[in-house]
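Asks: Sharing a structure, written as structure tokens. Questions coming.
What follows is calculated from the coordinates using simple rules that are stated; it is not laboratory data. Predicted model only: the values in this text are computed from it and were never measured. All Cβ positions, even for glycine, are placed from backbone atoms using ideal geometry, and neighbour counts span all protein chains on display.
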Amino acid sequence: MENRSICGGCGQYAAVMCLPCALRGAQKATDPRDYARIPGSTMGSLDNYIERGIRPGDFLEGVITNNLKRAVFHADEENQRAIIALAVYLYNRAPENCWGSEENFRSWLGHRGMIGLGLVRSYDGGWEPDSARLSR
């Protein structure tokens, strides 16, 4: 007897999820409002990495360095579901020179993130020069 299960999206027989439901799920994950899929602890680690250049765990390091094998191997169930949302978040919200390769990752750690570049969060959530730091 063939080992098959039910698709979590539509209830049809499929290995895990049928292709149309998987594609609909991927499309939903690209919605900016879907950043809620990212677990709070993962978002906290990502924020610490971007803002302060603090090294994240193995899963996030895999996502940040574009190493799918590492990311999937170290992901728990929650983070497996959040991988697409994380990729979209990095693309839309993170400085492009902090992710995408090992070189960018190491460089970002080396200068200690946005704060190391002399930037602080602005009231609108963006980044602006730290005038107190620049006046020293």
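Asks: Using only the Cα atoms of the range 34-122, each taken as one equal point scatterer with no solvent, compute I(q) by the Debye sum, divide by I(0), and report log10 of the ratio at q = 0.10 Å⁻¹.
Replies: -0.22
Asks: Return the long-range amide H neighbours of Leu119 (sequence gap of 5 or more, or a different chain), with a cut-off of under 5 Å between placed amide H atoms.
Replies: Asp130
Asks: To continue, here is another question. Full extension from Leu68 to Glu102: what is 0.36 nm times the residue separation minus their Cα-Cα distance, to one decimal in nm?
Replies: 11.0 nm
Asks: When you count, for each residue, the other Cβ atoms within 10 Å and take the mean per peptide, how do 57-70, 35-48 rank with the highest first?
Replies: So the peptides 57-70, 35-48, ranked by packing, come out 57-70, 35-48.
Asks: Got a sec? How would Asp76, Asp130 order by Cβ neighbour count within 10 Å, fewest to most?
Replies: By the 10 Å Cβ count, ascending, the order reads Asp76, Asp130.
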